[in-house]
1. Please specify each residue of the range A:108-136 satisfying the condition of being within 9 Å of another protein chain (Cβ to nearest Cβ) and either in a helix (DSSP H, G or I) or within 17 Å of residue B:34 (Cβ to Cβ) (or both).
2. Within the range A:74-107, how many residues turn out to be part of a helix (DSSP H, G or I), over 19 Å from residue A:27 (Cβ atoms) and not polar (S, T, N, Q)?
3. Can you find a residue that is assigned to a strand (DSSP E or B), touching a strand residue (DSSP E or B) at 6+ places or on another chain (Cβ under 8 Å) and not hydroxyl-bearing (Ser, Thr, Tyr) anywhere in the range B:641-651?
4. For residue A:92, indicate whether it is surrounded by 20 or more Cβ atoms within 10 Å (Cβ to Cβ) and outside the structural domain of residue A:24 (by TED's automatic domain parsing).
5. Within the range B:701-717, can you find the residues that are in contact with a Leu (Cβ under 9 Å, 6 or more places away or on another chain) and either within 24 Å of residue B:390 (Cβ to Cβ) or within 11 Å of another protein chain (Cβ to nearest Cβ) (or both)?
6. Looking only at the range B:473-493, which residues are touching a strand residue (DSSP E or B) at 6+ places or on another chain (Cβ under 6 Å) and outside any loop (DSSP other than H, G, I, E, B)?
7. Tell me whether the range A:7-30 contains one or more residues that are among the hydrophobic types (A, V, I, L, M, F, W, C), in a strand (DSSP E or B), surrounded by fewer than 24 Cβ atoms within 10 Å (Cβ to Cβ) and without any contact (Cβ under 8 Å) to a residue 24 or more places away in the chain.
8. In the range B:537-568, what count of residues is obtained for those that are within 14 Å of chain A (Cβ to nearest Cβ) and out of contact with any strand residue (DSSP E or B) (no Cβ under 9 Å at 6 or more places or on another chain)?
Amino acid sequence: MSGTALDISLTVNGERIAERVDARTTLVDFLRESLALTGSHVGCEHGVCGACIVRVNGEIVRGCLMLAAQCDGAKVETIEGLSDAGEITDLQTAFEQRNALQCGFCTPGMVLTAQDLLQRNGAPTREEIREHISGNYCRCTGYQAIVDAVESVAQTRAGAKK
Amino acid sequence: MKITDDSPPVLTALDRPNSYIGRAVPRPNLKRLTQGRGQYVSDVTLPRMAHVAYVRSPHAHAAVKSIKKTAAEKAPGVIAVVTGAELAKVMTPWVGVLTHLKGLKSAPQAPIAVERACWQGEAVCAVVARTRAHAEDACELVEVAYEELPAVVDPETALDGKTPVIHSSLGDNLCFERKLDVGKVDEAFASSDAVVETTFVTGRHTGVTNEPRSIVADWNEGEQRLTVYQGTQAPHMMQDLFAKHLGLRHAQVRVLTKDVGGSFGIKVHTYADEMATVALSKLLKRPVKFVADRIESFVTDIHARDHRIKAKIGVRKDGTITAFEIDDLTGIGPYSVYPRTSGIEANQVVNLVGGPYTTPNYRAQARVVFTNKNVMCQYRAVGHPVAVAVTEGLVELAAAKIGMDPLELRRRNLIADDAYPTQSAAGLKFEKLSHHEALAHLDSMMNYAGLRAEQKKLRDQGIYRGIGFASFIEVTNPSAAFYGVGGARITSQDGATVKLDAQGNISVHSGVTEQGQGAEAVLAQVAASAFGVPIERVRVITGDTDNTPYGGGTWASRAAGIGGEAAWQAGKALRANVLAVAGAMLQAKPETLDIRRGVVVDAATGAERLPLEELARVAYFRPDTLPSGVQAELMATRHYVPRGWPFAFTNGIQASYLEVDVDTGFVKLLKHWCVEDCGTIINPQLVDEQIRGGIVQGIGAALFEQCLYDERGQMLNGNMADYLVPMAAEMPDIECGHCVSPTADSELGAKGAGEAGTAGAPACVMNAINDALRPLGAAPLTDMPFMPGKILAALGKV
């Protein structure tokens with residue numbers, strides 16, 4: 001049953017947000033339903049598929065396993081914000097060129113996860129890419145195109161640094 | 001970023017200047033998806049929209065004695081609590097039968113169960129509330145009194161006299177039966193040097209689309225019109241069904257399909273809870289939204305492939321296959337699914353076993369029985385993965401038995417590449433296939449001899465690797481022979497409208513739908529090429545019954561081959577219309593002109609004569625300046641349906657290379673190859689990605705995926721933690737190759753490519769596992785999925 005409501009203040013994609021949420025409301029439901037940020041998707045609601053991945057205080061988290069109430073004071077970033085900021089444009093372009101998405105439902109979570117890997121490890125092997133995205137379910141592609149796209153961006157970014 | 005493209009160019013009528021046919025053009029609609037700006041049905045919100053959640057039967061089979069709604073009706077946010085009996089007054093029931101599957105029978109199914117629930121998960125009551133959370137809360141307060149009834153869970157005993165009959169009006173639990181006996185099967189087995197007989201089991205599994213089934217139904221009482229936002233593969237089919245069962249005219253029903261988060265055949269059926277959602281909108285006169293949660297998906301999305309097949313192959317010492325024989329048994333749940341029926345899968349198994357081979361002797365029996373489990377119906381590559389597992393499993397077991405290389409045995413039996421047109425023992429008609437060319441291509445692509453040498457060397461070191469193959473055929477571009485002839489209102493034709501706008505750009509309106517496979521890209525490529533504009537000047541519109549020609553949508557690998565041909569013809573027709581106007585403006589004969597890169601040119605020299613922008617300006621804003629009698633027709637519609645062949649069969653062969661850890665039973669996939677012939681390749685990248693995605697889906701069936709039920713008909717693993725799907729870390733890289741045998745039934749010559757990967761992969765992985773374990777004396781594994789426990793059992797370790 002719905003119970004306690006809580007007031008939370010946070011930033012979402014740089015915007016200051018103050019809202020009252022049910023204690024039970026998950027972060028992804030809050031983003032989708034209260035803020036209409038529908039780019040983060042709900043696939044399994046139990047932390048397996050990764051379609052709801054967003055960034056909270058710089059770390060990627062599953063929006064279905066975190067409560068909105070836990071985000072009081074947090075800095076939340078979603079696919080919409082990262083797209084507008086241009087932080088992941090190269091990954092998005094590579095996904096488009098390589099057809100690393102079909103239905104696109106997993107893509108926001110997949111791109112955020114890939115960006116997380118590339119921020120930690122600038123030159124991942126294909127095996128490391130596969131391992132890092134192994135919590136993101138894609139039913140369409142068979143993953144190879146995604147690995148290709150992430151690998152190519154890693155190489156391009158590494159080349160740019162040299 | 002490597003894009004495999006080894007397809008030879010095909011020069012035909014398609015060889016227009018600046019053609020996009022055969023080019024790996026990126027899909028035009030991807031940016032909104034990579035930026036999270038797609039619009040899936042689960043994202044749709046409308047004014048006054050309510051949410052529905054369903055109370056679902058916890059029993060596999062139970063009488064619903066009473067439903068007490070009072071507490072739920074008083075719960076916060078609740079708008080209505082509606083039972084099956086109440087909803088039956090709004091919507092009529094349906095029966096999933098087809099007349100060309102002779103004898104197929106089923107019982108009437110209602111949007112919400114009335115008096116009796118026939119599987120665990122069937123909805124028995126709806127709760128409509130302001131939010132989904134409120135609706136779910138109130139579901140807990142609906143008091144349903146059930147009387148549990150005996151559940152039929154084992155197909156093996158479903159037809160026994162002492163097993164209860166699920167629908168007494170049907171007389172027994174037999175949904176459909178088919179028998180086939182071709183050639184001289186008994187004589188063929190008697191004259192064989194070796195006969196292999198075994199039983200194959202393909203595990204019941206499901207589609208697990210990343211976006212669950214979703215629908216928003218909006219009955220506007222003022223307009224007397226229903227608008228349905230639905231993640232479906234077949235908007236016009238759903239329009240027809242909503243109209244039929246609500247007593248409406250087609251003009252009163254609009255189905256809109258925007259982005260769909262994966263389909264694979266899951267979203268081409270009539271689901272009771274979706275029908276109920278539509279009926280609730282009509283009843284409540286407001287928009288109602290239903291999005292299945294993951295648990296609901298597992299117990300209500302159609303399952304598939306639950307088959308037990310006793311199978312037999314005869315072979316001579318020289319490798320000649322003498323005969324195939326199968327006895328297939330499949331349990332499809334309590335209802336044949338509407339309107340495609342649940343008889344098609346077993347029917348396809350009968351059709352397809354032995355399909356690539358020349359043997360004329362084939363006997364088959366298939367029985368489709370009712371059970372109290374979730375319904376089964378058509379899922380990507382319908383029947384093919386089962387038939388290919390049986391055929392190719394038998395072929396490799398026979399090869400091992402007579403000590404012949406499995407590729408060599410295939411070479412001696414595959415239908416010759418110059419034998420077409422021909423037909424299979426089961427009567428399938430083949431226009432043109434390329435089994436031998438594909439096999440030779442695969443042999444060299446994978447360096448087969450080298451891999452065998454590596455395998456042998458590693459075995460000496462205690463490392464057990466296996467190589468497995470699967471040749472296959474695949475049904476694509478279905479004509480009316482698939483459903484229409486059986487009385488289903490499922491269209492096999494499709495249409496395209498191509499329209500020139502006032503800036504000289506074109507839009508393509510098509511009856512096929514985009515499920516992520518790239519249909520919109522293919523339509524844009526085809527229309528741009530046929531008409532003569534850069535692809536950036538093409539906008540594609542699909543998924544709207546108000547604004548697209550009547551069409552079948554996306555299923556059975558038909559979008560490119562059928563929808564593409566319609567767009568090709570419409571593009572050509574518009575080009576002719578535009579050139580007629582251009583001829584009048586330029587005082588030239590239209591046949592001396594062409595449209596290239598968006599400009600009317602002199603066909604012989606390519607000299608630019610008139611930009612399309614200028615032509616459109618004159619035609620739309622200054623038609624008074626055109627000669628009298630010249631009326632510009634700047635929109636053209638064409639339809640296409642395959643007429644020459646019932647289906648455009650494709651063919652191919654796959655190979656798997658894997659390593660079995662004989663201590664743990666784990667299988668590590670090292671590499672996978674596929675050579676496939678889908679006729680003209682419109683977009684090589686999209687074809688390859690269909691193949692790859694399909695293969696991984698097939699690998700899931702071979703290694704991980706199974707809907708497990710207990711003896712009471714309870715699904716035991718209806719969540720993604722317990723039901724395993726392929727994830728990135730376990731999947732191999734997949735190399736694709738192509739042969740090109742266009743169909744002459746269309747000018748494009750394109751056949752389908754969406755299901756070939758799924759058709760062949762399970763067989764291929766099974767054969768590779770058995771190849772790996774053969775030197776250890778393990779009994780052949782034929783019971784999918786091949787979990788580590790089964791492999792250890794075969795090795796005698798557990």
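1. A:108, A:111, A:126, A:127, A:129, A:130, A:131, A:132, A:133, A:136
2. Here the count works out to 7.
3. Yes, because at least one residue in the range B:641-651 is assigned to a strand (DSSP E or B), touching a strand residue (DSSP E or B) at 6+ places or on another chain (Cβ under 8 Å) and not hydroxyl-bearing (Ser, Thr, Tyr).
4. Considered against the rule, which asks whether it is surrounded by 20 or more Cβ atoms within 10 Å (Cβ to Cβ) and outside the structural domain of residue A:24 (by TED's automatic domain parsing), residue A:92 comes out as yes.
5. Residues satisfying the conditions are B:703, B:704, B:705, B:706, B:707, B:708, B:709.
6. B:473, B:474
7. Checked against the condition, which is being among the hydrophobic types (A, V, I, L, M, F, W, C), in a strand (DSSP E or B), surrounded by fewer than 24 Cβ atoms within 10 Å (Cβ to Cβ) and without any contact (Cβ under 8 Å) to a residue 24 or more places away in the chain, the range A:7-30 yields at least one hit.
8. Counting residues in the range B:537-568 that are within 14 Å of chain A (Cβ to nearest Cβ) and out of contact with any strand residue (DSSP E or B) (no Cβ under 9 Å at 6 or more places or on another chain) gives 1.
The values are calculated or read from the model by the stated rules, or taken from the named source; none is laboratory data. Just so we're clear, the structure is a prediction, and the values are computed from it rather than from any experiment. With ideal geometry, Cβ positions are generated from the backbone for all residues, glycine too; neighbour counts draw on all protein chains shown.
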